[in-house]
Amino acid sequence: MVERGSIYDRKTGHFIYEQYQTTPLVKEALRELFHDKFDLLGTDKILTRIKNNEIQIEWIDVTKFSKLAEPLLDHTTKYYSSPANVDKAILDEVKKRLLKTKHRLICARCGKWQLAIVTGEFEKRPKKLICKYCKGRQITATYYSDYDLVKIIQKNHKSKKLSLEENHKFKRAWKVASLIETFGNNAITVLSGYGVGADTAARILRNMVDEEYMYKQIYEAERQYVMTRGFWDD
Ligand SMILES: [Zn+2]
């Protein structure tokens, strides 16, 4: 069907798979891959050892992709040929992703007013965010699917005692509110970073030189987060 030595092409590969996916041909090809070509058990062992800290991961910045990485990146390497481009291309992707990140804005005082928004929309909002219920200007942000924070803020507003964990989240919400009050749109952008909490965001925002530097700092913070724990938590 496919001649030995044929040059792999993603589209054609996909087409062939679509055409034959229900046939024994594809079944056999997959069987051959998983049983003969891929070392699944070996890979599993190595991943487990990394997870158990028996194998240390070391992050190295390089200017060229390794021989092992090249085939994986065959359709992207042409754009990433020089180190200057690596940064630019990655930062563009990071920026695009951050702009699409969803947030839940909440009044940090009363917890009644809330608004779902993506980072890119925040910029277009009127400058001063004010809660229409309590007229508070302390607006905090959390991840989109966080339904607890509203309840915690409302509980506090009714002068009910917060648990230790609730208190921690409440304090964090106020830190975030003050970042948004001071840094506006940039605060929302930085907080869009994967694993970027209030303290990391504060550091990045205070050290901000220009937009590009900010995106680099966010990317670096995400990388650190993934390296230390985020990856295994998922
Ligand atoms: Zn309010």
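Miscellaneous remarks
- So LYS96, is it part of a loop (DSSP other than H, G, I, E, B) and either within 16 Å of the ligand (Cβ to nearest atom) or at pLDDT 80 or above (or both): no
- Segment 136-148, subset polar (S, T, N, Q) and surrounded by 14 or more Cβ atoms within 10 Å (Cβ to Cβ), residue farthest from the ligand (Cβ to nearest atom): THR142
- Residue within segment 80-92 that is closer than 26 Å to ASP210 by Cβ, modelled with pLDDT of 85 or more and outside any loop (DSSP other than H, G, I, E, B) present: yes
- The set of residues from segment 115-135 being within 16 Å of the ligand (Cβ to nearest atom) and crowded, with 19+ Cβ neighbours inside 10 Å comprises LEU129, CYS131.
- Inside segment 128-144, residues that are touching a residue at least 40 places away in the same chain (Cβ under 8 Å) and in a loop (DSSP other than H, G, I, E, B) make up a count of 4.
- Selection from segment 138-165 of residues that are charged (D, E, K, R) and more than 27 Å from GLY193 (Cα to Cα): LYS155, LYS158, LYS160, LYS161
- Within segment 101-113, the residues that satisfy the criterion of being surrounded by fewer than 19 Cβ atoms within 10 Å (Cβ to Cβ) and more than 8 Å from the ligand (Cβ to nearest atom) are THR101, LYS102, ARG104.
- Residue match in segment 57-71 (condition: farther than 30 Å from GLU212 by Cβ and modelled with pLDDT of 80 or more): no
- Meets criteria (more than 16 Å from the ligand (Cβ to nearest atom), closer than 23 Å to LYS95 by Cα and hydroxyl-bearing (Ser, Thr, Tyr)) for TYR225: yes
- Residue within segment 183-190 that is within 16 Å of the ligand (Cβ to nearest atom) and of a type outside the set (Phe, Trp, Tyr) present: no
- Test: residue in segment 43-52 that is surrounded by 11 or more Cβ atoms within 10 Å (Cβ to Cβ), assigned to a loop (DSSP other than H, G, I, E, B) and either of a type outside the set (Gly, Ala, Ser) or modelled with pLDDT of 80 or more (or both): no
- Test result for ASN185, among the polar types (S, T, N, Q), under 21 Å from ARG97 (Cα atoms) and surrounded by fewer than 19 Cβ atoms within 10 Å (Cβ to Cβ): yes
- Checking LYS151 against (1) surrounded by 15 or more Cβ atoms within 10 Å (Cβ to Cβ); (2) within 16 Å of the ligand (Cβ to nearest atom), the condition it does not meet: (1)
For every residue, the table says whether it meets (1) closer than 21 Å to ILE204 by Cβ; (2) more than 21 Å from the chain's Cα centre (by Cα); (3) of a type in the set (D, E, K, R).
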position: ALA116; (1), (2), (3): no, no, no
position: ARG137; (1), (2), (3): no, yes, yes
position: TYR143; (1), (2), (3): yes, no, no
position: GLY184; (1), (2), (3): yes, no, no
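- Wholly enclosed helices (runs of 4 or more DSSP H) of segment 145-234 bearing at least 1 residues touching a helix residue (DSSP H, G or I) at 6+ places or on another chain (Cβ under 9 Å), assigned by TED's automatic domain parsing to the domain that holds LYS100 and over 24 Å from ALA116 (Cβ atoms): 164-183, 198-206, 211-225
The values are calculated or read from the model by the stated rules, or taken from the named source; none is laboratory data. All of these numbers come straight from a predicted model, not from anything done at the bench. When we count neighbours, we look across all protein chains shown, and the Cβ atoms used for this are built from the backbone with ideal geometry, even at glycine.
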